[in-house]
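**Student:** Have a look at the structure that comes next, please.
The values are calculated or read from the model by the stated rules, or taken from the named source; none is laboratory data. Just so it is clear, the structure is predicted and the values come from calculations on it, not from any experiment. Backbone-built Cβ (ideal geometry, glycine too); neighbour counts: all protein chains shown.
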Amino acid sequence: MPASPALIRTAEGYGLTTAQIIYRVPDHRQFLQEFIWQEFDLFPDFPSLQKFLSFWAREIEGPLHSVRVAHALLVQPADLEVRDGVFRLH
């Protein structure tokens with residue numbers, strides 16, 4: 001069975017990247033709107049995100065206000081180690 005594209009990209013150093021893009025509404029510049037972008041990308045240069053943001057600046061009328069990035073190497077879930085014992089939740 002062939003490996004999934006996501007697994008292959010992970011082995012090549014890619015990780016899931018999420019960007020919160022805040023931009024100004026074209027017809028009402030005083031209002032901000034949010035766009036969420038998610039893709040496998042390379043840390044720390046984020047070439048896919050850079051390409052998307054260049055496209056946005058060139059082609060989209062809503063000017064960028066800010067971009068917040070989360071990546072697997074920046075934010076990771078806590079490790080859980082299984083040990084012998086009993087876990088009680090109240």
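**Student:** If only one of S54, S4 is of a type outside the set (D, E) and modelled with pLDDT of 95 or more, which one is it?
**Tutor:** S54
**Student:** Among the residues of the range 22-77, write down those that are touching a residue at least 40 places away in the same chain (Cβ under 8 Å), loosely packed, with under 11 Cβ neighbours inside 10 Å and under 10 Å from the mean Cα position of the chain (by Cα).
**Tutor:** Correct list: R68 only.
**Student:** Being surrounded by fewer than 13 Cβ atoms within 10 Å (Cβ to Cβ) and either among the charged types (D, E, K, R) or at pLDDT 95 or above (or both) is the filter here; which residues of the range 8-21 pass it?
**Tutor:** Matches in the range 8-21: E12 only.
**Student:** Do you know which residues across the range 36-59 are within 19 Å of Y23 (Cα to Cα) and out of contact with any strand residue (DSSP E or B) (no Cβ under 8 Å at 6 or more places or on another chain)?
**Tutor:** Of everything in the range 36-59, those that are within 19 Å of Y23 (Cα to Cα) and out of contact with any strand residue (DSSP E or B) (no Cβ under 8 Å at 6 or more places or on another chain) turn out to be Q50, K51, S54, F55, R58, E59.
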